[in-house]
Amino acid sequence: MAGPTQSRFVSQLKRYYALYTGGFIGFVVLLSILEQMGVPNKMLGYIFLGVTVLLYAGIGILSRTSDVAEYYVAGRRVPAFFNGMAVGADWMSAASFIGLAGTLYLSGYDGLAFVLGWTGGFVLVALLLAPYLRKFGQFTIPDFLGARYGGSIPRSIGVFAAILCSFTYVIAQIYGVGLITSRFTGLDFGVGVFVGLGSILVCSFLGGMRAVTWTQVAQYVILILAYMIPVVWLSVKHTGNPIPQVAYGYVLEKVTAREQVLNDPSTPDGAREAEVRAIFKQREKTAEDKLKGLDAGGATYLAKEKEKLVKTVADLHAEHDTDPKLLEAANRAVAEFPTNAATARSRWRREAETDRDKSGPVMAHAEPFAGPDETTRDNKRKNFMALVLCLMVGTAALPHILMRFYTTTSVKEARHSVFWSLFFISLLYITAPALAVLAKYDVYTLLVGSSFSELPSWVSAWASVDKTLMSVTDINHDGIVQLAEVTIGGDLIVLATPEIAGLPYVITALVAAGGLAAALSTADGLMLTISNSLSHDVYYKMIDPHAPTGRRLFISKALLLGVAVFAAYITSLKPGHILFLVGAAFSLAASAFFPALALGIFWKRANKTGAILGMVGGLATCMFYMYITYPFFGVNAPLWWDINPISAGVFGMAVGFVGVIAGSLLTAAPDKETQDLVDHVRYPNLDDDFKSKVS
Amino acid sequence: MQLQERHKQYWQKNLRLTGVLLAIWFVVTFVLGWFARDLQSVTFLGFPLSFYMGAQGSLLIYVILVGYYAYRMDKLDREYGVQERDL
């Protein structure tokens, strides 16, 4: 690519995307005028989601291609700035857009592990991987493993690991797509999944990486606008300062002061909180007693407890002036009574835990690793560090992100594009903690202390959508909302901010479109990674190296379709545990890829045996630890050094590094050709000897 | 491909730069994180310092680290004549 053509291309891109951004803002303004004219909310939601999805499809169709380099790496001419935006959209998933602020709201300082992990990882990408992978300049990450370590075994392990972590991650995205479409358009969850899937496919199917790149840039613009507008509005409302990132320190102080009041029983508000907490304490004790009874008596105890409930119903029937509500509640208690000891145990355990959470004092938002005693605090700190490490190294090992750095024009551009990526990503991650604090302030001051008869409208609106997202119950029957009586699900924070701030509905629709853009763009990148691994690495490199271009692309597209339908099918089964899926993807990627990739560049001595040992060992350790500790699998073995299953990657990485190093040292050094490849990768330009380098 | 002395120097300098930046990354993330409880009484721009670092300060430092690396390596490429053509 010659200089002048590329710079014309860049200025053209800038013009297009400036026009596009202006057009999008105009579209939002137009819709808000429509809203003022009385167009119903549901209609606005349809228009908003419909238009954005059609827009992505349009870009996908315009970018269709049948050229291999265009299909796999967007022709390697994506400018650093735009690749940065594309990485941003590729990177920020439904979990970042919708979940992160909620996690921060619920867990305060400890939630910052995600903020740190999901940004700091790009330092590793920039320093250890991106420029070298760009110089290598093939199509996939297994390509690098195959060339560096030789033979098809390292490549195959790479393919397996790439598909494993991308697939766990893509399920979480499609789930997010289904959730947003169903919630904002009223379509069924399953239908929502397939509608979302259709738009993912239109983008990647016709134009591969090229279409995905230009769609992701467009999606970044929408998602960042959608995230910023409500937060800026909220910030102006509370502080008069339109820059929330600067202003929320002041709000945080007020939140901290409010926490102290609510925790102090000598104040009127604190006394009411204490009253509610005492009730929860009592409920926790009841649940614990039942658990103890169950442990001692087993099925007999269960039967006795049920008998008691049945008797209550009979007694109520016997009285002639029974309150029908009371009777209904008693009947429900009998109907819902656990049928066996296992269900009873897990349900009562859950009840006891929820009640215990509610009976404790309000957690201080800004306090790191809060806990009642030194052991708990140390434990939290250790897990915080482990999680940060896993997320960071996982970031530097997820194939769909690393692949994006193949698409820049040069090594220099690759370095610059990591900078732009991190810049664009940080915009959102710096805003999320501000949003959490601002929303918390609203809940602590406006909702808490208000009267049950005059709840803000967003409370009842969301409570009617989903009880786990929002519920308020008058536990102590005083008619006033106490903090302990409010249950808020993390996902509510971002989705409901526009309503909390009292913004027009069109902003709510914008936020939904932003969430959809985040989920779709990540899903696009992941799907492409999976189908490319299969078509390029398995089919072209291992099965039929002489396959003509046309057939390679055909296979690739067919696989994409197959993967998409399979992923949608799995998602429609609602496997749940979304956060675990996302966390698992990071730990798996960190264990499988990072040691072999980084050592492959920085240590010439690393060889095939080492790579195989490290990758298999790392991956196996990580999967094994997840299997034995994650409650879902039911093994429930004791934790190693108290590390939570989500951070299984710390063990996987350690084994991975030891494996690569030990395996390499025990066997012969790699041949001259491989060592030359390492040199080739290390220098942006080794072949030309510029005599007149410095003037 | 035979490496020349200047190539080895280039790589050494790259390694040194990478090492220094990684050390800063490590201190900012893990050392400050480890002592977060001890830093919360310090106030910075109205925030407790540990919260500020986790929510904002570290991120700004990461952006600067990556930006500086890109800038410094461009210069190093040209100094040692290993830059790419067509720029």
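Using a cut-off of 12 Å between beta-carbons, work out the net charge of the residues near A:ILE493 (Lys and Arg +1, Asp and Glu -1, A:ILE493 not included). So the environment of A:ILE493 carries a net charge of -2. Taking the Cα centre of chain A as origin and assigning +1 to Lys and Arg Cβ atoms and -1 to Asp and Glu Cβ atoms, the resulting dipole is close to 2320 debye.
Can you tell me the length gained on complete extension of the stretch A:LEU561 to A:SER460, counting 0.36 nm per residue apart and subtracting the Cα distance? Could you put the intermediate results ahead of the total?
Values: separation 101, 0.36 × 101 = 36.36 nm, distance 4.12 nm.
Net length gain for the segment: 32.2 nm.
Could you check the simple spin-label distance between A:ARG347 and B:TYR71, using points 7 Å along Cα→Cβ, in nm with one decimal? The two pseudo-label positions are separated by 6.3 nm.
Longest exposed-loop-site-free stretch of chain A, with GluC sites (Glu not before Pro), DSSP loop and at most 13 other Cβ within 10 Å? Could you put the intermediate results ahead of the total?
Numbers: sites that count: A:GLU319, A:GLU336.
Longest stretch, sites excluded: A:337-695.
Counting helices only, and only those DSSP H runs with n ≥ 4, report the 222 nm mean residue ellipticity of chain A as the sum of -39,500 (n - 2.57) divided by its residues, in deg cm²/dmol to the nearest 500.
-24500 deg cm²/dmol
Using a Förster distance of 22 angstrom, determine the FRET efficiency expected from the C-beta separation of A:TRP640 and A:ARG356, and round it to 0.05.
Details: r = 26 Å, r/R0 = 1.17.
Step by step, r from the Cβ atoms, then E = 0.30.
Dividing the summed helix terms, -39500 (n - 2.57) for each DSSP H run of n ≥ 4, by the number of residues in chain B produces a 222 nm estimate of -19000 deg cm²/dmol to the nearest 500.
Checking the Cα-Cα distances for A:LYS290/A:LYS440; A:LYS14/B:LYS75; A:LYS254/A:LYS290; A:LYS672/B:LYS13 against a 31 Å cut-off, the pairs over it are A:LYS290/A:LYS440; A:LYS254/A:LYS290. Measuring between their Cα centroids, the range A:555-616 and the range B:19-73 lie 29 Å from each other. As a rough footprinting exposure proxy, the listed residues A:TRP420, A:TRP91 were ranked by other beta carbons within 10 Å of their own, and the order from fewest upward is A:TRP420, A:TRP91. Exposure proxy ranking for A:ILE493, A:ILE488, A:ILE61, A:ILE141, based on other Cβ atoms within 10 angstrom of each Cβ and starting from the fewest, stands as A:ILE61, A:ILE488, A:ILE493, A:ILE141. For A:ILE480, the residues whose amide H sits under 5 Å from its own are A:PHE452, ignoring neighbours fewer than 5 places away on the same chain, with H placed 1.01 Å from N.
Mind jotting down a quarter of the surface of the convex hull over the alpha carbons of the range B:13-79, in square nanometres, one decimal? Spell out each step's value before the answer.
Values: hull surface 19.1 nm².
The directionally averaged projection comes out at 4.8 nm².
Computing FRET efficiency as 1/(1 + (r/R0)^6) for B:ARG85 and B:TRP34, where r is the C-beta to C-beta distance and R0 is 51 Å, gives about 0.65. Take each residue in A:125-133, count the other chain C-beta atoms within 10 Å of its C-beta, and the mean is 3.
In terms of its alpha-carbon gyration tensor, the range A:224-269 comes out prolate; a/c meets the 1.5 threshold, and the first ratio a/b outweighs b/c.
Since only B:GLN40, B:TYR68, B:TYR52 are under comparison, the one whose Cα sits farthest along the positive direction of the charge dipole of the range B:13-79, derived from C-beta charges on Lys, Arg, Asp and Glu, is B:TYR68. Helix A:341-359 and the longest principal axis of the Cα set of chain A meet at an angle near 80°. For the pair the range A:633-653 and the range A:213-229, the centres of their Cα atoms are 36 angstrom apart. Extent of the protein assembly as shown along its three principal axes (Cα atoms, max minus min coordinate, largest first): 101, 66, 56 Å.
Remark: the range A:361-436 carries a charge dipole of roughly 300 debye about the Cα centre, counting +1 on each Lys and Arg Cβ and -1 on each Asp and Glu Cβ.
The charge dipole of the range B:13-79, taken about its Cα centre with unit charges on the Cβ of Lys, Arg, Asp and Glu (plus for the first two, minus for the last two), comes to roughly 140 debye. Treating r as the C-beta distance of B:ARG6 and A:ARG551 and R0 as 51 Å, the FRET efficiency rounds to 0.65. Please identify which residues in the range A:287-317 have an amide N closer than 12 Å to a label point set 7 Å out from the Cα of A:VAL334, following the Cα→Cβ vector. Answer for the range A:287-317: A:306-317.
According to the square roots a ≥ b ≥ c of the eigenvalues of the Cα gyration tensor, what is the shape class of the range A:262-351, taking rounded for a/c under 1.5, prolate for a/b larger than b/c otherwise, and oblate for the remainder? Please list the in-between numbers first.
Working: a/c = 3.06, a/b = 1.36, b/c = 2.26.
Taking the square roots of the gyration eigenvalues as a ≥ b ≥ c, the range A:262-351 is oblate.
For the pair the range A:322-354 / the range A:419-498, the C-alpha centres are spaced 28 Å from each other.
Laboratory data are not the source of any read-out in this text; all were calculated from the coordinates shown. Keep in mind it's a predicted model, so treat the numbers as computed, not measured. When we count neighbours, we look across all protein chains shown, and the Cβ atoms used for this are built from the backbone with ideal geometry, even at glycine.
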